[in-house]
1. Go through region 100-122 and give me each residue that's outside any strand (DSSP E or B) and either at pLDDT below 95 or away from the ligand (no atom under 14 Å from the Cβ) (or both).
2. Among the numbered conditions (1) in a helix (DSSP H, G or I); (2) surrounded by fewer than 11 Cβ atoms within 10 Å (Cβ to Cβ), tell me where Arg140 comes up short.
3. What is the one condition in (1) touching a residue at least 40 places away in the same chain (Cβ under 8 Å); (2) under 16 Å from the mean Cα position of the chain (by Cα); (3) more than 16 Å from the ligand (Cβ to nearest atom) that Pro43 does not satisfy?
4. Looking at (1) under 21 Å from Ala36 (Cα atoms); (2) without any contact (Cβ under 8 Å) to a residue 40 or more places away in the chain; (3) crowded, with 18+ Cβ neighbours inside 10 Å, find the lone condition where Val129 falls short.
5. Taking region 46-94 as the region of interest, how many residues are surrounded by fewer than 13 Cβ atoms within 10 Å (Cβ to Cβ), of a type outside the set (D, E, K, R), under 17 Å from the mean Cα position of the chain (by Cα) and more than 13 Å from the ligand (Cβ to nearest atom)?
6. Restricting attention to region 56-80, which residues are of a type in the set (A, V, I, L, M, F, W, C) and not in a loop (DSSP other than H, G, I, E, B)?
7. If you take the residues of region 123-136 that are in contact with a strand residue (DSSP E or B) (Cβ under 8 Å, 6 or more places away or on another chain) and farther than 15 Å from Val53 by Cα, which of them is nearest to the ligand (Cβ to nearest atom)?
8. Does any residue of region 8-15 turn out to be modelled with pLDDT of 90 or more, in a helix (DSSP H, G or I) and loosely packed, with under 15 Cβ neighbours inside 10 Å?
Amino acid sequence: MDKLSRQERSRNMSHIRSADTAIEVTLRRALWGRGARGYRVHPKSVHGKPDLVFTRWRLAVFVDGCFWHSCPECFVAPSSNQDYWGPKIARNVERDGEVSAVLEESGWRVLRIWEHEIERDLEGAVRAVTDCLTEAGWRRD
Ligand SMILES: [Zn+2]
């Protein structure tokens, strides 16, 4: 049974997607402010189109939405349309693992940050990125 019309659902999903993007922008601005600037956004040439890629430091950063990627702390399964959400979210999680594995096998560092981590502790999220960069040899100017 599907109670949402297609139109309603696409409206819901576009809302959730734009919220994900806003959190990415929050992180990007904070990184820029800390001098971590040499990144590209969603590069098609990198497997899985990471949210941020520091090509020079071989670091791929993903900001994972707590709903879409089934965060262990925040995720609550929707009570309706289980047949729709269940497999869709399961596929996302599976793809996340696959993408990370492929990137790591080809020499990338992969950092995944939950949406809620940025919301609750932006400084901590920024530090997680700059720590990875520092390990790769980056120095803040
Ligand atoms: Zn979460």
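1. Going through region 100-122, the residues outside any strand (DSSP E or B) turn out to be 100-108, 115-122.
Answer for region 100-122, where residues must be outside any strand (DSSP E or B) and either at pLDDT below 95 or away from the ligand (no atom under 14 Å from the Cβ) (or both): Ser100, Ala101, Val102, Leu103, Glu104, Glu105, Ser106, Gly107, Trp108, Leu122.
2. The one condition Arg140 does not meet is (1).
3. The single condition Pro43 does not satisfy is (1).
4. (2)
5. Residues flagged as surrounded by fewer than 13 Cβ atoms within 10 Å (Cβ to Cβ), of a type outside the set (D, E, K, R), under 17 Å from the mean Cα position of the chain (by Cα) and more than 13 Å from the ligand (Cβ to nearest atom) within region 46-94 amount to 1.
6. Initial filter on region 56-80 (of a type in the set (A, V, I, L, M, F, W, C)): 57, 59-63, 66-68, 71, 74-77.
Trp57, Leu59, Ala60, Val61, Phe62, Val63, listed by residue number.
7. Step one: list which residues in region 123-136 are in contact with a strand residue (DSSP E or B) (Cβ under 8 Å, 6 or more places away or on another chain), which gives 125, 128-129, 132-133, 135-136.
If we keep only those that are farther than 15 Å from Val53 by Cα as well, we get 125, 135.
Details: Ala125: 12, Glu135: 25 Å.
Among residues in region 123-136 that are in contact with a strand residue (DSSP E or B) (Cβ under 8 Å, 6 or more places away or on another chain) and farther than 15 Å from Val53 by Cα, the one nearest to the ligand (Cβ to nearest atom) is Ala125.
8. Keep residues of region 8-15 that are modelled with pLDDT of 90 or more, which gives none.
No, that holds for no residue.
The values are calculated or read from the model by the stated rules, or taken from the named source; none is laboratory data. Quick caveat, the model's predicted, so the values are computed rather than measured. In this analysis, Cβ positions are derived from the backbone assuming ideal geometry, glycine residues included, and neighbour counts consider all displayed protein chains.
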